Amino acid sequence: MKTESALVPRKFLPVFVMLVACFALWGLLNNMTDNLVPAFQRIFTMDQSRAGLVQVAFYGAYAVLAIFAAVLAEEFNYRKGVLIGLAIYITGALLYIPACIAQSFDIYFIAIFIVAGGCSLLETTCNPYVLSLGDEQTAVRRLNFAQMFNPVGSMCGIVLAQQLILSHLNPATAEERALMDEATRQGIIHNELFWVCAPYVGLCAVAALIWFFFLARREGESVPSKSAFARVGVALAFSILPMTVLYFIFPEMNKIAWVLCGVTGPVCYIVLLKDYREMLATLLKTPRYWFGVVAQFFYVGVQIAAWTWLNVYCQKELGVTPAQGAIYYTVAITLFIVCRWVATWLMKFFNPAVMMATFAGCAILCCAGVMHLPTKVLFTVGQLPFSANILCLVAMSGFMSLMFPTIYGMALGGLDPKALKLGASGLIMAILGGAVITPWMAGIIGDAGSVWCKFINGFDTAWDANLKLTQTSLRASFVVPAICFAVVLAYALVFKSNKTNKEIK
């Protein structure tokens, strides 16, 4: 009689628990960063496109440093990847202090990039690390279980952002700030930026505790060779130097183009080295893998974009404040957490790909509701009104819940072990979607004459000077999430078979 393998063998439990803590940490950082967009928009009185550079910095760093993380794991091991990722995060978080003192968005941009670089190393190493802690038959479910704690961290990030960042934003509008004397305005900005800085620096203590755990956990590891150190060093140079040179020589360069140029450095590195080039060739010959990278790009893009503009949508449609909008965000993340836990349990009985296809189809219907349903209040919870379109907006998060780990597990399932670490980096590079899809939505939101607005009828076309949008353009922007979910749906349907990569010809 066949017995089911343990989800996490007992000998791996301590490591698994600390890896789960890493999942929660970067989930917390991701969602705090989402709230920096409306925060910086108000603090620095900037439009959506410039405030959206926060997401370009954060998710661009994921793309640029993912290959370096794979090289690090390949030449050293997963444990050292976790250690270096945490150290980079701590460095970036401490850089928030001079950014606050200088009241400089540019320094914040660099600090956010470094923080996200640490998260990139953590995700690139922690996800396959979790997959390796037990039987391959339970790998996707084990990763889904670990990922369940990622939105728990996200929830903590939302609470911290709401209580420490958004609640300390001065309610003065851009017009009112412009009328203030310089000393008053600078005092307000300093106080607001202090509360932006506080949670990121405070989390360094948590990161340090995890760092010391993995530092102490040495189990007969061999000392890396000099050639391994050289490869890691060269990979880091290929990842960082091109971006650094471009940033300071061309400071006005479009930041999305800057990120895309930065990605070419690490790609060139793996093409130049024969063994990594062979790994890349193996990955490109595996449709289940490379289509998974494409699907992950669009999934991460829709998650970040939808959550970034959820607050703005609630402000415009319901007339709530940014702090009240964050409560709707909290409701959405709560639903995300509950649905991920339920979905992980259901995977014991149903094909994960079929479940993902169903969820993607429902998410597309939610996008249609967000775009076309009226803002007629159906009921109120406490002081929060809910309408049909807002319910669709919140429900979208529930249908997103299982997508990231399911795409990740499907794409890496049965992959040649020699290419596994590089394959993991490709899926983390796909997080670049957050840096591309979010500005795409922002472009539609801020363009009252967008071609997509022609498909939205019966809504207000008057320009909102405070939010810098129209009701029509805001609703029209949700065509972008619908397109993203359609890509995820296609991937789930094409690869709904339980066959592994080795079996696909």
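Each Lys and Arg adds +1 at its Cβ and each Asp and Glu adds -1 at its Cβ; summed about the Cα centre, the chain shows a dipole of about 1520 debye.
Its Kirkwood hydrodynamic radius, worked out from the mean inverse distance over all distinct Cα pairs, puts the range 346-505 at 17.9 Å.
Tell me what the chain gives for mean residue ellipticity at 222 nm when only DSSP H runs of n ≥ 4 count, each as -39,500 (n - 2.57), the sum divided by the residue total, rounded to 500 deg cm²/dmol.
Rounded to the nearest 500, it is -24000 deg cm²/dmol.
The distance between label points at R10 and K418 comes to 3.8 nm (points 7 Å beyond Cα on the Cα→Cβ vector). When the charge dipole of the chain is built from unit charges on Cβ atoms (+1 for Lys and Arg, -1 for Asp and Glu) and taken about the Cα centre, the candidate among L83, N30, S397 whose Cα reaches farthest toward its positive end is L83. Derived scalar couplings between HN and Hα for the range 473-487 equal 5, 5, 5, 4, 5, 7, 5, 5, x, 4, 5, 4, 5, 5, 5 Hz in order, rounded to whole Hz, by the Karplus curve 6.51 cos²θ - 1.76 cosθ + 1.60 (θ = phi - 60°), x for Gly and Pro. The mean sequence distance of close C-alpha pairs (under 8 Å, at least 6 residues apart), as a share of the length of the chain, puts its relative contact order at 23 percent.
In this structure the amide hydrogen of S387, modeled in the peptide plane, comes within under 5 Å of the amide hydrogens of L378, none closer than 5 places in sequence on its chain.
Computed from the Cβ-Cβ distance with R0 of 25 Å, the FRET efficiency linking C362 to K496 stands at 0.95. Calculated FRET efficiency, D460 to S225, Cβ-Cβ distance, R0 = 51 Å: about 0.20 to the nearest 0.05.
Working note: Debye formula, equal point scatterers on the alpha-carbon atoms of the range 49-173, no solvent; log10 I(q)/I(0) at q = 0.11 Å⁻¹ is -0.48. Taking Lys and Arg as +1 and Asp and Glu as -1, the other residues whose beta-carbon sits under 12 Å from that of P171 total 0. Our note on the geometry: Cα centres of the range 238-268 and the range 82-160, 22 Å apart. Using a Förster distance of 45 angstrom, determine the FRET efficiency expected from the C-beta separation of L378 and T91, and round it to 0.05. Calculated transfer efficiency: 0.40.
Between the Cα long axis of helix 274-284 and the first principal axis of the chain there is an angle of about 60°, rounded to the nearest 10. This model, with +1 at the C-beta of Lys and Arg and -1 at the C-beta of Asp and Glu, gives the range 1-109 a dipole about its Cα centre of some 380 debye.
Computed from the Cα positions only, the extents of the chain along the three principal axes stand at 64, 50, 39 Å, in decreasing order. Normalised Debye scattering of the range 21-84 at q = 0.15, 0.19 Å⁻¹ gives log10 I(q)/I(0) of -0.61, -0.80, counting only Cα atoms as equal scatterers and leaving out solvent. Note on the range 134-277: Cα-only Rg and Dmax are 22.7, 65 Å. Amide H to amide H, with H built 1.01 Å from N, L469 comes under 5 Å of D464, counting only residues 5 or more places away or on other chains. For the range 251-390, the relative contact order comes to 12 percent (Cα pairs under 8 Å, sequence separation of at least 6). What you get for the range 117-189, charging only the Cβ of Lys and Arg (+1) and of Asp and Glu (-1), is a dipole of about 240 debye around the Cα centre. When Lys and Arg each count +1 and Asp and Glu each count -1, what net charge do the other residues less than 13 Å away from T438, Cβ to Cβ, add up to? Every neighbour counted, the sum reads +1.
Against the empirical 2.2 N^0.38 Å (N residues), the range 123-208 has a Cα radius of gyration ratio of 1.70. With θ taken as phi - 60° and the Karplus curve 6.51 cos²θ - 1.76 cosθ + 1.60 applied, the whole-hertz 3J(HN,Hα) list for the range 222-235 is 7, 6, x, 6, 4, 5, 5, 4, 5, 5, 5, x, 5, 4 Hz, x standing for glycine and proline.
Kindly provide the trypsin sites (Lys or Arg not before Pro) of the range 1-109 that DSSP labels as loop, not H, G, I, E or B, and whose Cβ sees at most 12 other Cβ atoms within 10 Å. Present the calculation step by step, with values, prior to reporting the outcome.
On the way: sites: K2, R10, K11, R42, R50, R79, K80; in loops: K2.
Answer in residue order: K2.
Projecting the Cα positions of V159, M253, A51 onto the charge dipole of the chain (unit charges on Cβ atoms of Lys, Arg, Asp and Glu, taken about the Cα centre) puts V159 furthest along the positive direction. Across the range 20-37, rounded Karplus estimates of 3J(HN,Hα) from the backbone phi angles (6.51 cos²θ - 1.76 cosθ + 1.60, θ = phi - 60°) give 4, 4, 5, 4, 5, 4, 6, x, 4, 5, 4, 7, 5, 5, 3, 6, 6, 4 Hz, Gly and Pro being marked x. Per-residue extension of 0.36 nm, minus the Cα-Cα distance of A257 and W341, leaves a gain of 26.5 nm for this segment. Distant-in-sequence amide contacts of L373, defined by a placed amide H-H separation under 5 Å and a gap of 5 or more residues or a different chain, comprise nothing.
No lab work stands behind these numbers, since they all come straight from the coordinates. These numbers come from a predicted model, not from an experiment. FYI the Cβ positions are ideal-geometry reconstructions off the backbone, even for glycines, and counts take in every protein chain you see.
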